[in-house]
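Q: Quick one: the structure is below, questions incoming.
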Amino acid sequence: AKADGRDTFRFFEPVMDERLRARRELELDLRKALALRQFELHFQPQMNLSTDRLVGCEALIRWRHPTRGMVSPAEFIPLAEETGLIVPIGEWVVRTACREAVLWPESLSVAVNLSPAQFKSRKLVEVVASALSSSGLAPRRLELEITEGVLLQENEANLATLHALRDLGLRISMDDFGTGYSSLNYLRSFPFDKIKIDRSFVADISTKPDCVAIIRAIASLGLSFGMTTVAEGVETADQMRRIRDEGCTDVQGYLISRPVPAPDILRLLDRQGAA
Ligand code: C2E
Ligand code: CA
Ligand code: CA
Ligand code: CA
């Protein structure tokens, strides 16, 4: 049925109700998902461009919903964030990621995404420390990825948390670099170990000279700050060649591998003959 303009009120109300209802239902399901063990971690490898070897993997959460099938994190992470459920879910992610990574060769690290709400949680540093010690993973093999959203209010508390995490011996990456407003200022206020160049720049690298210029600038920034620069979302050989030419140190994307379940990572490593 199409709204005829005069009747929009009556037309939209049930639509809004329906959306709210669907959201509430998803939220209720999300509350149960941890206990029902419906989450999985998939891992996407990152490759170093000077050695062509895998250097680590990013852990990406997956929700196997009993009736909806796989629900994308883009759909439920924002809801988990709003409801605070991201705190227990995030704790599960970091513990699980450490437990998996300890089975990999020592040269490989694991990267975990942190959301802004997790950052505000008082327990974060304690939880990460406990995940490291109970798994036995060497702290330098854990990376935490944060977006500019985390530092949005660039306050003392956030900086103190970043430093406390760093003091555990792990590494901190700036995710989706280039998409926010004051990226350069963030780099000045906290010494990140790694910059992840947002996929949107990589997607257009073959056709848009301004994207090439931006990637080149970020790569050289990384070089002078002593930071690793990872290009995200590399899908084609042409993109990889250009990224290599511009001086990025690492790549991640479907060209290397899609995110895969944990056992497949060990198989990928076997194939490259990692010790
Ligand atoms: P992100 O951190 O930027 O993760 C990269 C996303 O790009 C992943 O989507 C990955 O599957 C996708 N990707 C990787 N390579 C390619 C490529 O070559 N082409 C294209 N088109 N896409 C590629 P995914 O797994 O759907 O995750 C989406 C977002 O959800 C993540 O973006 C991250 O912000 C969030 N997320 C995922 N797992 C977690 C988690 O455990 N905790 C938190 N807080 N957020 C998570
Ligand atoms: Ca990420
Ligand atoms: Ca990213
Ligand atoms: Ca992203």
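Q: Mind listing whichever residues of region 44-73 are in contact with a Ser or Thr (Cβ under 7 Å, 6 or more places away or on another chain) and among the charged types (D, E, K, R)?
A: Answer for region 44-73, where residues must be in contact with a Ser or Thr (Cβ under 7 Å, 6 or more places away or on another chain) and among the charged types (D, E, K, R): there is none.
Q: Of everything in region 132-157 that's assigned to a loop (DSSP other than H, G, I, E, B) and of a type in the set (Gly, Ala, Ser), which residue is nearest to ligand 2 (Cβ to nearest atom)? Give the derivation first.
A: Filtering region 132-157 down to residues assigned to a loop (DSSP other than H, G, I, E, B) leaves 136-138, 147, 152-155.
Next, from what is left, pick out any that are of a type in the set (Gly, Ala, Ser): 136, 138.
Numbers: 136: 24, 138: 21 Å.
Result: 138.
Q: To continue, here is another question. From the list 183, 134, which residue is out of contact with any strand residue (DSSP E or B) (no Cβ under 7 Å at 6 or more places or on another chain), farther than 23 Å from residue 241 by Cα and either away from ligand 3 (no atom under 12 Å from the Cβ) or among the β-branched types (Val, Ile, Thr) (or both)? Give the derivation first.
A: On the way: 183 fails: out of contact with any strand residue (DSSP E or B) (no Cβ under 7 Å at 6 or more places or on another chain).
Just a single option satisfies the conditions, and that option is 134.
Q: Being surrounded by 21 or more Cβ atoms within 10 Å (Cβ to Cβ) and of a type in the set (D, E, K, R) is the filter; apply it to region 172-197 and report the residue that is farthest from ligand 2 (Cβ to nearest atom).
A: 194
Q: Here is a follow-up. Picking from 271, 267, 258, which residue would you name as being part of a loop (DSSP other than H, G, I, E, B), surrounded by fewer than 18 Cβ atoms within 10 Å (Cβ to Cβ) and not acidic (Asp, Glu)?
A: Details: 271 fails: part of a loop (DSSP other than H, G, I, E, B); 267 fails: part of a loop (DSSP other than H, G, I, E, B).
258 is the lone residue from the list that is part of a loop (DSSP other than H, G, I, E, B), surrounded by fewer than 18 Cβ atoms within 10 Å (Cβ to Cβ) and not acidic (Asp, Glu).
Q: Which residues, counting only those in region 94-112, are of a type in the set (Ser, Thr, Tyr) and assigned to a loop (DSSP other than H, G, I, E, B)?
A: Taking region 94-112 first, the residues of a type in the set (Ser, Thr, Tyr) are 96, 107, 109.
Of everything in region 94-112, just one residue is of a type in the set (Ser, Thr, Tyr) and assigned to a loop (DSSP other than H, G, I, E, B), namely 107.
Q: If you don't mind, another one. Within region 239-255, identify whether any single residue is within 16 Å of ligand 4 (Cβ to nearest atom), over 18 Å from residue 148 (Cβ atoms) and surrounded by fewer than 14 Cβ atoms within 10 Å (Cβ to Cβ), and answer yes or no.
A: Yes, some residue in region 239-255 is within 16 Å of ligand 4 (Cβ to nearest atom), over 18 Å from residue 148 (Cβ atoms) and surrounded by fewer than 14 Cβ atoms within 10 Å (Cβ to Cβ).
Q: Another question, then. Only one of 129, 160, 80 is assigned to a helix (DSSP H, G or I), more than 30 Å from residue 52 (Cα to Cα) and within 16 Å of ligand 4 (Cβ to nearest atom). Can you tell me which?
A: Details: 129 fails: within 16 Å of ligand 4 (Cβ to nearest atom); 160 fails: within 16 Å of ligand 4 (Cβ to nearest atom).
Only one candidate qualifies: 80.
Q: Would you say residue 157 is on the phi < 0 side of the Ramachandran plot, touching a Lys or Arg at 6+ places or on another chain (Cβ under 9 Å) and surrounded by fewer than 14 Cβ atoms within 10 Å (Cβ to Cβ)?
A: Values: on the phi < 0 side of the Ramachandran plot: yes; touching a Lys or Arg at 6+ places or on another chain (Cβ under 9 Å): yes; surrounded by fewer than 14 Cβ atoms within 10 Å (Cβ to Cβ): yes.
Taking the combined requirement at face value, the residue satisfies it.
Q: Sort through 207, 236 and tell me the only one that's free of Cβ contacts under 8 Å to residues at least 12 places away in the same chain and over 30 Å from residue 118 (Cα atoms).
A: Working: 236 fails: free of Cβ contacts under 8 Å to residues at least 12 places away in the same chain.
Only one candidate qualifies: 207.
Q: Residue under question is residue 230, and the condition is that it be within 16 Å of ligand 3 (Cβ to nearest atom), in contact (Cβ under 8 Å) with a residue 24 or more places away in the chain, crowded, with 19+ Cβ neighbours inside 10 Å and assigned to a helix (DSSP H, G or I); does it hold?
A: On the way: within 16 Å of ligand 3 (Cβ to nearest atom): yes; in contact (Cβ under 8 Å) with a residue 24 or more places away in the chain: yes; crowded, with 19+ Cβ neighbours inside 10 Å: yes; assigned to a helix (DSSP H, G or I): no.
No.
Q: Are any residues in region 40-61 within 11 Å of ligand 2 (Cβ to nearest atom) and among the charged types (D, E, K, R), and if so, which ones?
A: Correct list: 58 only.
Q: Right, next: Name every residue in region 66-94 that is among the small types (Gly, Ala, Ser) and over 15 Å from residue 34 (Cα atoms), in order of residue number.
A: Taking region 66-94 first, the residues among the small types (Gly, Ala, Ser) are 69, 72, 74, 80, 84, 90.
Across region 66-94, the qualifying residues are 69, 72, 74.
Q: Taking region 96-138 as the region of interest, how many residues are in contact with a helix residue (DSSP H, G or I) (Cβ under 6 Å, 6 or more places away or on another chain) and at pLDDT below 95?
A: Result for region 96-138: 6.
The values are calculated or read from the model by the stated rules, or taken from the named source; none is laboratory data. Keep in mind the model is a prediction, meaning the values are calculated, not measured. Because the Cβ atoms are built from the backbone with ideal geometry, glycine has one as well, and the counts that use them run over all protein chains shown.
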